[in-house]
Amino acid sequence: MSAETVTPAVDHYEAVKALGTSPLWQYFGELFAEAPKNQAVPYVWNYQALRPHMLHFAGALSLEEAERRVLMLVNPGMTEPPATVNSLYAGIQIILPGETAQAHRHTANAFRFIIEGEGAYTTVNGERVHMRPGDLLLTPGWHWHDHYHEGDGPMMWLDGLDYPLINALEAGFFQLYGQRSQPAERPDDISHRQFIHGRLNPLWIQPDPVNSPIGNYPWTETERALASIGDDADGSRYDGVLLEYTNPHTGGPVMPTISCRIARLRPGFNGAAHRHTSSTVYHVVSGSGRTEVDGEVLEWGEKDVFAIPGWVGHRHINGSRSDDVLLMSYTNEPVHRALGIYREEHLD
Ligand code: GTQ
């Protein structure tokens, strides 16, 4: 017998695996799916149910023990690592009078939307930025920030960050400032005082290439904008009177990876259905209603948070005959648009 005939059949699959390769034909359908298959699912987080537990942890855990006292809003489809939708995270943070959440910075971009309480401020790169309910505060990537509460009663807010994207891109860095709080180095609330008029910008400020220079978009201004639009504007068929918080230098989103928005759904608003590749997290500022998603109904009430993953068909409804719904939302749409992968489909 020749040596050739006794050689066992080579298992080419095992052999190529050992060589660090894999046959594309076994993965093709998964890697090049006809349409996106999102891990995240539509979901509602009930604020009133969470609130007593937030208060419990406020009493049980000091800010010396926790870098930030936050309950993460974890999507049941995205638990490891935890995320709220693809590329975005939401959390509810609580801080008590006299407490300091120590100064740190991270490459992830962050914002806060104030839910309840008054008298706290965040120091962002040396500027104290005061918070009131409905205010949108920005902490763009690599900006030092610490929170301090000098008022009465607990203060709670929604945190929105893009760390799932930053970590997926392997660009996550984190640093402690070294002291618990930063000294105030600039006049309090100066960034929004000098920019808030929107159409009159200070020319002595060197624009940041990607981030809005505004520390706080106060609720008083948001309300004024909605009131000024009134009842006779067309609005969007899908999202009602939908406004984007903008970077005054560019007119674009407040941060490169996150567009923050506020929408007013008038009484009886029955939105048209659509889907888009971008994912959205909503916070109900006031009112209650429902969102129909691919045959399922998400019911939401005041202060709740809900998630609509990308490519899920959805329609928002304000069933009330008398009350507005105000929805704050944030989305990764700017990332999809920047990469040329944004797609939208009208379903009605
Ligand atoms: O307040 O700086 O929910 O750094 C997650 C990470 C809040 C914050 C979060 C953070 C913060």
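The values are calculated or read from the model by the stated rules, or taken from the named source; none is laboratory data. The structure displayed is predicted, hence computed values, not measured ones. So basically every Cβ, Gly included, is an ideal-geometry build from the backbone, and we count neighbours across all protein chains shown.
What are the pairs with Cβ atoms under 8 angstrom where one residue, in the range 47-70, is closer than 16 Å to Thr100 by Cα and at pLDDT 95 or above and the other, located anywhere, is away from the ligand (no atom under 16 Å from the Cβ) and in a loop (DSSP other than H, G, I, E, B)? Sequence gap at least six, or different chains.
none
Select, from Arg224, Arg180, the only residue that is more than 14 Å from the ligand (Cβ to nearest atom) and modelled with pLDDT of 95 or more.
On the way: Arg180 fails: more than 14 Å from the ligand (Cβ to nearest atom).
None of the other options fit; the residue is Arg224.
Matching residues to (1) within 12 Å of the ligand (Cβ to nearest atom); (2) in contact with a strand residue (DSSP E or B) (Cβ under 9 Å, 6 or more places away or on another chain); (3) closer than 27 Å to Pro82 by Cα:
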site	(1), (2), (3)
Ala108	yes, yes, yes
Glu116	no, yes, yes
Tyr121	no, yes, no
Arg128	no, yes, no
Gly141	yes, yes, yes
His149	no, yes, no
Gly153	no, yes, no
Leu158	yes, yes, yes
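Just to be sure I understand the filter: pairs with C-beta atoms under 7 Å, separated by 6 or more residues or on different chains, first member in the range 85-97 and in a strand (DSSP E or B) and of a type in the set (Lys, Arg), second member more than 9 Å from the ligand (Cβ to nearest atom) and modelled with pLDDT of 95 or more. Which pairs pass?
No pair meets every condition.
In the list Phe195, Phe173, which residue meets the criterion of being touching a residue at least 60 places away in the same chain (Cβ under 8 Å) and either within 16 Å of the ligand (Cβ to nearest atom) or among the hydrophobic types (A, V, I, L, M, F, W, C) (or both)? Steps first, please.
Numbers: Phe195 fails: touching a residue at least 60 places away in the same chain (Cβ under 8 Å).
So the residue among Phe195, Phe173 that is touching a residue at least 60 places away in the same chain (Cβ under 8 Å) and either within 16 Å of the ligand (Cβ to nearest atom) or among the hydrophobic types (A, V, I, L, M, F, W, C) (or both) is Phe173.
All but one of (1) more than 16 Å from the ligand (Cβ to nearest atom); (2) of a type outside the set (S, T, N, Q); (3) part of a helix (DSSP H, G or I) hold for Ala33, so report the exception by its number.
All conditions pass for Ala33, except number (3).
Give Gly295, Gly313 a once-over and let me know the one that is modelled with pLDDT of 95 or more and not hydroxyl-bearing (Ser, Thr, Tyr). Write out each step before concluding.
On the way: Gly295 fails: modelled with pLDDT of 95 or more.
Gly313 is the lone residue from the list that is modelled with pLDDT of 95 or more and not hydroxyl-bearing (Ser, Thr, Tyr).
Give the residue, chosen from Asp323, Asp348, that is out of contact with any His (no Cβ under 6 Å at 6 or more places or on another chain), closer than 26 Å to Ile115 by Cβ and not in a strand (DSSP E or B).
Details: Asp348 fails: closer than 26 Å to Ile115 by Cβ.
Only one candidate qualifies: Asp323.
State whether one or more residues within the range 321-341 are among the basic types (Lys, Arg), more than 26 Å from Tyr217 (Cα to Cα), surrounded by fewer than 15 Cβ atoms within 10 Å (Cβ to Cβ) and modelled with pLDDT of 95 or more.
Filtering the range 321-341 down to residues among the basic types (Lys, Arg) leaves 321, 337.
Adding the requirement that they be more than 26 Å from Tyr217 (Cα to Cα) leaves 321.
If we keep only those that are surrounded by fewer than 15 Cβ atoms within 10 Å (Cβ to Cβ) as well, we get 321.
Subsequent filtering for residues that are modelled with pLDDT of 95 or more retains 321.
Checking the range 321-341: at least one residue is among the basic types (Lys, Arg), more than 26 Å from Tyr217 (Cα to Cα), surrounded by fewer than 15 Cβ atoms within 10 Å (Cβ to Cβ) and modelled with pLDDT of 95 or more.
Within the range 285-320, which residues are within 17 Å of Pro267 (Cβ to Cβ), surrounded by 22 or more Cβ atoms within 10 Å (Cβ to Cβ) and touching a Pro at 6+ places or on another chain (Cβ under 7 Å)?
Asn318
Any idea how many residues of the range 270-290 are closer than 23 Å to Met78 by Cα and in a loop (DSSP other than H, G, I, E, B)?
Number satisfying all stated conditions: 3.
Checking the condition under 25 Å from Asp231 (Cα atoms) and touching a residue at least 12 places away in the same chain (Cβ under 8 Å), which residue from Val305, Val312, Val285 passes? Before the answer, list the steps.
Details: Val305 fails: under 25 Å from Asp231 (Cα atoms); Val312 fails: under 25 Å from Asp231 (Cα atoms).
Of the residues listed, the single one that is under 25 Å from Asp231 (Cα atoms) and touching a residue at least 12 places away in the same chain (Cβ under 8 Å) is Val285.
If you take the residues in the range 73-97 that are away from the ligand (no atom under 13 Å from the Cβ) and closer than 16 Å to Leu55 by Cβ, which one is surrounded by the most Cβ atoms within 10 Å (Cβ to Cβ)?
Selected residue: Leu96.
Would you point out which residue out of Ala58, Ala66, Ala101 is within 11 Å of the ligand (Cβ to nearest atom) and either assigned to a strand (DSSP E or B) or surrounded by 18 or more Cβ atoms within 10 Å (Cβ to Cβ) (or both)? Reasoning before the result, please.
Details: Ala58 fails: within 11 Å of the ligand (Cβ to nearest atom); Ala66 fails: either assigned to a strand (DSSP E or B) or surrounded by 18 or more Cβ atoms within 10 Å (Cβ to Cβ) (or both).
Step by step, each of Ala58, Ala66, Ala101 is checked, and only Ala101 is within 11 Å of the ligand (Cβ to nearest atom) and either assigned to a strand (DSSP E or B) or surrounded by 18 or more Cβ atoms within 10 Å (Cβ to Cβ) (or both).
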